[in-house]
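The values are calculated or read from the model by the stated rules, or taken from the named source; none is laboratory data. Keep in mind the model is a prediction, meaning the values are calculated, not measured. FYI the Cβ positions are ideal-geometry reconstructions off the backbone, even for glycines, and counts take in every protein chain you see.
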Amino acid sequence: MDPIWWLAYLALGGFVGLMAGLLGIGGGGIMVPILTSLFVIQGVPHEHIAHLALGTAMAAIVPSASASLWSHHRHGAVRWHIVRHITPAILAGTFLATFIAALIPTRGLAVFFAAFMVLMSLQMLANLKPKPTRTLPGAIGLSGAGLGIGGISALVAIGGGSLTVPFLTWCNVRLPHAIGTSAAVGLPIALAGALGYLINGWGTVGLPDAAWGYVYLPALLIMAPFSILTAPIGARLAHRLPVGILKRVFAFMLMALALQMLYTVFTV
């Protein structure tokens, strides 16, 4: 592989880690559109572009999700009884959704991804936060929420924080615990999503030689460690920079990347 691609993946991984540390936001919204463009330039067949980008992004989230889980656990911010009840459904929803994604054409996945990212960006711009109006549901309610969170997370390659935190906050879980618990369920989401995309893409004709199913190993092996290295830098900058302004800038960037992804897959 040309060294220019190594540099591209290195830069992408570093930027994703920096944003995750600075704003507490997962990297799927950044990785998927940029990986889509990189895969197009590298000549990946059109029908596999979005699937390969989603699968690679999910796999790249695993190391950072592990680090985030451990950090929040050390601070006592994880409500483990919630994790135990919601994780089985999250695993099922995430894993099964990868099989659905495998049946959806690249353009359909791109439209869903872009729509979700635009909605998430608008929520960030408006700073909308659900008011705590109810208590946590029982096992059946948590399982239903877990299926939905896992399924959507697999289709847009996110760790679930943008869905889990609002849900837990709405259910009267204090924000620090909602964030910590969301970080804990982010790891099973990433693992189940990566495994599902690997299985669904295994043996698919037309994928790059270094791909394991819909997970492109060179991108994964470069992005993941550099995202972990730069995340602490972003966390330190969060105490020095105007994070509120940066979040608004980031929201516009997410919308631009989502629209760029649509342009890329509809003009190839």
Item to check | Filter result for LEU254 (touching a residue at least 40 places away in the same chain (Cβ under 8 Å) and within 15 Å of the chain's Cα centre (by Cα)) | outcome: yes
Checklist entry - If you check every pair at least six apart or on different chains, which have Cβ atoms under 6 Å apart with a residue in segment 193-216 that is over 24 Å from LEU91 (Cα atoms) first and a residue that is assigned to a loop (DSSP other than H, G, I, E, B) second? => result GLY206/PRO45
Next on the checklist: For the structure I just gave you, tell me whether ARG79 is modelled with pLDDT of 90 or more and touching a His at 6+ places or on another chain (Cβ under 6 Å).
Outcome noted: yes
Checklist outcome for this item: Among residues of segment 156-192 being touching a residue at least 24 places away in the same chain (Cβ under 8 Å) and outside any helix (DSSP H, G or I), the residue farthest from HIS81 (Cα to Cα) is ALA157
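So that you can scan it fast, the table gives a plain yes or no per residue for (1) under 17 Å from ALA211 (Cα atoms); (2) under 13 Å from the mean Cα position of the chain (by Cα); (3) modelled with pLDDT of 90 or more:
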{"position": "MET1", "(1), (2), (3)": "yes, no, no"}
{"position": "GLY27", "(1), (2), (3)": "no, yes, no"}
{"position": "MET31", "(1), (2), (3)": "yes, yes, yes"}
{"position": "THR36", "(1), (2), (3)": "yes, no, yes"}
{"position": "GLN42", "(1), (2), (3)": "yes, no, yes"}
Next on the checklist: Pairs please, first residue from segment 105-129 and touching a residue at least 60 places away in the same chain (Cβ under 8 Å), second anywhere and among the hydroxyl-bearing types (Ser, Thr, Tyr) and assigned to a helix (DSSP H, G or I), Cβ atoms under 6 Å, 6+ apart in sequence or on different chains.
Outcome noted: MET120/SER162
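Okay, residues lined up against (1) out of contact with any helix residue (DSSP H, G or I) (no Cβ under 8 Å at 6 or more places or on another chain); (2) at pLDDT below 90; (3) buried (at least 24 other Cβ atoms within 10 Å of the Cβ):
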{"site": "ILE149", "(1), (2), (3)": "no, no, yes"}
{"site": "ALA157", "(1), (2), (3)": "no, yes, yes"}
{"site": "GLY160", "(1), (2), (3)": "no, yes, yes"}
{"site": "THR169", "(1), (2), (3)": "no, yes, no"}
{"site": "ALA190", "(1), (2), (3)": "no, no, yes"}
Item to check | segment 60-82, residues that are surrounded by 14 or more Cβ atoms within 10 Å (Cβ to Cβ), under 24 Å from SER143 (Cβ atoms) and among the hydrophobic types (A, V, I, L, M, F, W, C) | outcome: ILE61, VAL62, ALA65, LEU69, ALA77, VAL78, ILE82
Next on the checklist: Restricting to segment 230-251, name every residue that is surrounded by fewer than 13 Cβ atoms within 10 Å (Cβ to Cβ) and either assigned to a helix (DSSP H, G or I) or in contact with a strand residue (DSSP E or B) (Cβ under 6 Å, 6 or more places away or on another chain) (or both).
Outcome noted: ARG236, GLY244, ILE245, VAL249
